[in-house]
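The values are calculated or read from the model by the stated rules, or taken from the named source; none is laboratory data. It should be emphasised that the depicted structure is a prediction, and the values quoted were computed from it without experimental measurement. We place every Cβ from the backbone using ideal geometry, glycine too, and count neighbours over all the protein chains shown.
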Amino acid sequence: MVSLSNHHRRSPTDRLRDGLAFDVCVVGGGSGGFGAACAAARHGTRVLLVEAGPGLGGTSTWAGVNNWEPVAGPTGLPQELYQRLRRVWQAVALQQRVARYHPDRPWGWYGLARETDYRLSLSRRSGVPICFEPEALDRAMAGALAEEERCTVWLCARFVDVDVARDEHRIRAIRVETPEGSRWVTATVFVDASAGIYLAHAAGCESRIGPDTREVYDEPSAPEMPIKQLNNASLCYRIARLAPGEPRQDSRCPKALTLPRFGR
Ligand SMILES: Cc1cc2nc3c(=O)[nH]c(=O)nc-3n(C[C@H](O)[C@H](O)[C@H](O)COP(=O)(O)OP(=O)(O)OC[C@H]3O[C@@H](n4cnc5c(N)ncnc54)[C@H](O)[C@@H]3O)c2cc1C
């Protein structure tokens, strides 16, 4: 078994000789997969985290979503990551709203806050998001996992196939393509944190798009009936080719500062 730091130092042959049976195998090393792997290792299980990309953090680090919105409750690993990021110069900051609305910036405009108290990010009422340097978050996650003896991380390793024991309703093994070749991995528990539910789909599991209904987890804020409501933040993003000479990003915000305030 190798920790993340050892993983990079060892030769490919050494790594492939390592045992490929784990207690927990997590597919996907984004925020969800990092949390699952780190928590499982801290509970004493032997964990393998399989990530297709060259680093950790997933959408948060590799797809430009470099902030946490205010959410109630994340005082465990997210707070720990915040503290780790605080040790790195300019890696993380609380934000404050500078202007509320602009046609080009329907979500307003945020600047850096002087405050550093993490607790302000825990409520939508205080409304203080946290922004971070994507690369620093990748390193902070890698650092946290490297401290866990029981956690093995494979980067550039993609889940591609699954062996299901249908009569037992259980996944026996998954196949992972690594830079050193194809490996079958067995585990007692598999966690699909791929965001695209690739493992669950391949295994024939039931899946759902949109929030779960109230009855599933007895969650008061969940809808009573199933709805396919997705994250509306996606509408703010444009995925298109830039014209030759077109600037990558307009970082100015002069107009937004002078606009009237629109409601709350
Ligand atoms: C456009 C957009 C805007 C958003 N804006 C915000 C925001 O402002 N603030 C906020 O807090 N949240 C925001 N979110 C939500 C937030 O980004 C996600 O909720 C969060 O990143 C999801 O984390 P995750 O770990 O579930 O998935 P991801 O971060 O997507 O991680 C999934 C990981 O699985 C890996 N993977 C996929 N397939 C395989 C495979 N076959 N084998 C191995 N690995 C695999 C991927 O490489 C990836 O690293 C936004 C999301 C989107 C799409």
So, of the residues in the stretch 162-182 that are assigned to a loop (DSSP other than H, G, I, E, B) and either in contact (Cβ under 8 Å) with a residue 60 or more places away in the chain or within 15 Å of the ligand (Cβ to nearest atom) (or both), which turns out to be nearest to Ala142 (Cα to Cα)? Pro179
Show the residue pairs meeting these rules: Cβ distance below 7 Å; 6+ apart or different chains; first residue within the stretch 192-204 and aliphatic (A, V, I, L, M); second residue more than 9 Å from the ligand (Cβ to nearest atom) and part of a loop (DSSP other than H, G, I, E, B). Ile197/Ser207; Ala200/Ser207
For residues that are among the acidic types (Asp, Glu), at pLDDT 90 or above and surrounded by fewer than 18 Cβ atoms within 10 Å (Cβ to Cβ), tally how many sit in the stretch 116-147. 2
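Taking only the stretch 183-209 into account, find how many residues are more than 13 Å from the ligand (Cβ to nearest atom) and in a strand (DSSP E or B). Lay out the reasoning, then the answer.
Restricting attention to the stretch 183-209, the residues satisfying the condition of being more than 13 Å from the ligand (Cβ to nearest atom) are 184, 186-189, 204-209.
Narrowing the set further to residues that are in a strand (DSSP E or B) leaves 184, 186-189.
Of the residues in the stretch 183-209, 5 are more than 13 Å from the ligand (Cβ to nearest atom) and in a strand (DSSP E or B).
Do we have Gln79 as away from the ligand (no atom under 11 Å from the Cβ), within 30 Å of Val47 (Cα to Cα) and in contact with a Phe, Trp or Tyr (Cβ under 6 Å, 6 or more places away or on another chain) here? Full working, then the answer.
On the way: away from the ligand (no atom under 11 Å from the Cβ): yes; within 30 Å of Val47 (Cα to Cα): yes; in contact with a Phe, Trp or Tyr (Cβ under 6 Å, 6 or more places away or on another chain): yes.
Answer is yes for this residue.
When you look at Ser121, is it closer than 23 Å to Asp138 by Cα and either more than 13 Å from the ligand (Cβ to nearest atom) or assigned to a helix (DSSP H, G or I) (or both), yes or no? Don't jump to the end; show me each part of the working.
Details: closer than 23 Å to Asp138 by Cα: yes; either more than 13 Å from the ligand (Cβ to nearest atom) or assigned to a helix (DSSP H, G or I) (or both): yes.
Answer is yes for this residue.
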Conditions first: (1) of a type in the set (A, V, I, L, M); (2) within 15 Å of the ligand (Cβ to nearest atom); (3) closer than 25 Å to Glu148 by Cβ. Ala91 passes all but one, so which condition is the exception? (2)
Subset tally (residues that are closer than 12 Å to Gly28 by Cβ and surrounded by fewer than 12 Cβ atoms within 10 Å (Cβ to Cβ)) for the stretch 166-210: 1
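Among residues belonging to the stretch 140-161 that are farther than 14 Å from Gly28 by Cβ and part of a strand (DSSP E or B), point out the one that is nearest to the ligand (Cβ to nearest atom).
Across the stretch 140-161, the extreme among qualifying residues is Asp161.
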